[in-house]
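See structure below.
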Amino acid sequence: MARWCAGNGWPVHPLAPGRKTPPGNCPDCKTQHHDPRTCPCPGAGRPCHGFHAGTTDPRNINNWWTASPNSGVGVACGPANLIVIDIDAHSTPAPDRNRLLPGIPIHDSVDLNGLASGFDTMALLAAYRQQVDPAQDTTTLRVRTPSGGLHVWYRLPTPKIRYRSSAGSSPKVALAWQVDVRAEGGYIVAPTTRTRQGTYEPLGT
Ligand SMILES: [Zn+2]
Ligand SMILES: [Zn+2]
């Protein structure tokens, strides 16, 4: 999977075996504060600094996953020119209607009974914008997460326009409640990555 992603031009970095997060930094990188972009570790075969270590270099990829074959694959979304909609299905009570789609007021006449997850807010937003709901978008890669969420992968149509990452819990820049955006400054777990919670399964394959 790392090689397939790299072949698409998407820089990859390892995730800690069984987890959806990168492994910790080496002792030097833990103790010395420095700019991850100038860190010598990734070039020397140590995948420090998470997505900053992302690479398409087959040698690095070979080294990393040979050393740790059970490591999952993270894709650095920014340099990959990817924007991934990360729809969560956490069972937490829905917030006030003004916080469901930040910046978009939801009229009192809209019945929000049963609204329970990012799938619902995403459908709401899609209806509002009269666009295809990304969760139903069969034209692109969709990946079911172990917690019942969904990652919907898009290539940036215009790579010059950058999108920043955001978390659905942020009151200001979120796309929708329980919907995160993975773009500049973020990474996404690649399909077939296995964690203790389960496997990231591509849909329709
Ligand atoms: Zn290091
Ligand atoms: Zn470093």
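The values are calculated or read from the model by the stated rules, or taken from the named source; none is laboratory data. Source: prediction; values computed, not measured. Ideal geometry is used to build each Cβ from the backbone, glycine not excepted, and the neighbour counts take in all protein chains shown. We work out accessible area using only protein heavy atoms, side chains counted, and drop any ligands, DNA or RNA first. Shrake-Rupley method; radii C 1.70, N 1.55, O 1.52, S 1.80 Å.
List of remarks:
- Highest-MSF residue in the chain out of V84, V132, V12 [GNM, Cα springs under 10 Å]: V132
- Rounded FRET efficiency, nearest 0.05, which uses the C-beta distance separating E201 from T31 and R0 of 45 Å: 0.70
- Our analysis of the chain gives Rg over Rh at 1.00, with the two radii drawn from alpha carbon positions and Rh computed by the Kirkwood formula.
- Based on protein heavy atoms only, the stretch 112-168 ends up with 58 Å² per residue of surface accessible to a 1.4 Å probe.
- With contacts taken as Cα pairs under 8 Å and at least 6 residues apart, the stretch 2-76 reaches a relative contact order of 49 percent.
- Probe 1.4 Å, accessible area per residue of the stretch 2-76, Å²: 54
- Each principal axis of the Cα cloud of the stretch 94-193 was taken in turn, and the coordinate range along them, longest first, works out to 39, 30, 24 Å.
- For the stretch 76-142, convex hull of alpha carbons as volume per residue, Å³: 123
- Applying both filters, DSSP loop and at most 15 other Cβ atoms within 10 Å, to the chymotrypsin sites (Phe, Trp or Tyr not before Pro) of the stretch 56-129 eliminates every site.
- Taking amide hydrogens as placed 1.01 Å from N in the peptide plane, the amide H of G54 sits under 5 Å from that of no residue at least 5 positions away in sequence or on another chain.
- Residue with peak Gaussian network fluctuation, the chain [Cα springs, cutoff 10 Å], from A123, A44, A76: A44
- Leading residue at positive end of dipole, the stretch 2-76 (Cβ point charges), from A44, H13, S68: S68
- For the residues D57, D35, D137, a GNM of the chain with alpha-carbon springs under 10 Å puts the largest fluctuation on D35.
- The alpha carbons of the stretch 2-76 stretch over 34, 25, 18 Å along the principal axes, in descending order.
- Cleavage-rule hits (trypsin sites (Lys or Arg not before Pro)) in the stretch 138-194: DSSP loop, at most 11 neighbouring Cβ within 10 angstrom: K160, K172
- The chain, accessible surface, carbon-and-sulfur percent (1.4 angstrom probe): 51
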